[in-house]
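Undergrad: The structure that follows is given in the form of structure tokens.
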Amino acid sequence: MDEPFSGLDPMVRESIVKGLISFIDLEKQTVILTTHEIHEVDPLLDTVMLMKDGKVIQMKDVEELRQERNIGVVEWMKETY
């Protein structure tokens, strides 16, 4: 999904997230989401990937960032870039 929350109000965003989650079999399916609204999706993320010029430059487990490094996704992105 590419920028699925762009231009939507918070109520609609929440509705989309809940609907999306209800249709996903988390054991068998993967959702790839691109967004600039990192704070909006941070609670939903398991893994985060950074790309530059079409290439993956790093990939991290979000829970590991939170527990081992005590930082969030945005802070990690700033460090990495």
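The values are calculated or read from the model by the stated rules, or taken from the named source; none is laboratory data. Note that the coordinates shown come from a computational prediction; the quantities given were computed from them, not determined experimentally. Glycine also receives a Cβ, built like all others from the backbone with ideal geometry; neighbour counts cover every protein chain displayed. With ligands, DNA and RNA removed, areas are computed over all heavy atoms of the protein, side chains included. Shrake-Rupley method; radii C 1.70, N 1.55, O 1.52, S 1.80 Å.
Undergrad: Tell me the per residue accessible area of the chain using a 1.4 Å probe; a whole number in Å² is fine.
TA: Dividing the accessible area of the chain by its residue count gives 78 Å².
Undergrad: Continuing with this model, one more query. Using heavy-atom solvent-accessible surface (probe 1.4 Å) with all chains present, what is the largest-first order of Leu50, Leu26? Before the final figure, lay out each step's value.
TA: Working: Leu50 5, Leu26 130 Å².
In descending accessible area the options line up as Leu26, Leu50.
Undergrad: Specify the angular offset, from 0 to 90 degrees and rounded to the nearest 10, of the alpha carbon long axis of helix 10-22 from the longest principal axis of the alpha carbons in the chain.
TA: Approximately 90 degrees, to the nearest 10.
Undergrad: Under 21 Å Cα to Cα from Lys52, which lysines show up? Leave out anything in the same chain fewer than 8 places away.
TA: Lys60, Lys78
Undergrad: Could you tell me the accessible area of Ser22 in Å² (1.4 Å probe, neighbours in place), rounded to the nearest ten?
TA: Surface accessible to solvent at Ser22 totals approximately 80 Å².
Undergrad: Restricting attention to segment 1-41, which GluC sites (Glu not before Pro) occupy a DSSP loop and are surrounded by at most 14 other Cβ atoms within 10 Å? If you can, show how the numbers build up before the last one.
TA: Working: sites: Glu14, Glu27, Glu37, Glu40; in loops: Glu27, Glu37.
Here the GluC sites (Glu not before Pro) that fit, given the DSSP loop and packing criteria, are Glu27, Glu37.
Undergrad: Moving to a separate point now. When the dipole is taken about the Cα centre of segment 28-80, and only Lys, Arg (+1) and Asp, Glu (-1) are charged at their Cβ, what size is it in debye, to the nearest 20? Don't jump to the answer; show the numbers that get you there.
TA: Details: 7 positive and 11 negative charges, 42 e Å.
Dipole about the Cα centre, nearest 20: 200 debye.
Undergrad: Then there is this: Any chance you could look up the accessible area of Thr47 with a 1.4 Å probe, heavy atoms only, rounded to 10 Å²?
TA: 70
Undergrad: If you don't mind, another one. With all protein chains present, how much of the accessible area of the chain (probe radius 1.4 Å) comes from carbon and sulfur, to the nearest whole percent? Spell out each step's value before the answer.
TA: On the way: 3350 of 6350 Å².
Carbon and sulfur together cover 53 percent of it.
Undergrad: Students often forget the sequence filter, so: which lysines lie under 21 Å Cα-Cα from Lys18 once same-chain residues fewer than 8 apart are removed?
TA: By straight Cα distance, Lys18 reaches Lys28.
Undergrad: While we're looking at this one, here's another question. With the dipole of segment 4-74 worked out from charges on the C-beta (+1 for Lys and Arg, -1 for Asp and Glu) around the Cα centre, which of Val73, Ser6, Met51 lies farthest toward the positive end?
TA: It is Met51.
Undergrad: May I pose another question? Are there any trypsin sites (Lys or Arg not before Pro) in the chain that are in a DSSP loop and have at most 11 other Cβ atoms within 10 Å? List them by number.
TA: Values: sites: Arg13, Lys18, Lys28, Lys52, Lys55, Lys60, Arg66, Arg69, Lys78; in loops: Lys28, Arg69.
Hits after loop and neighbour filter: Lys28.
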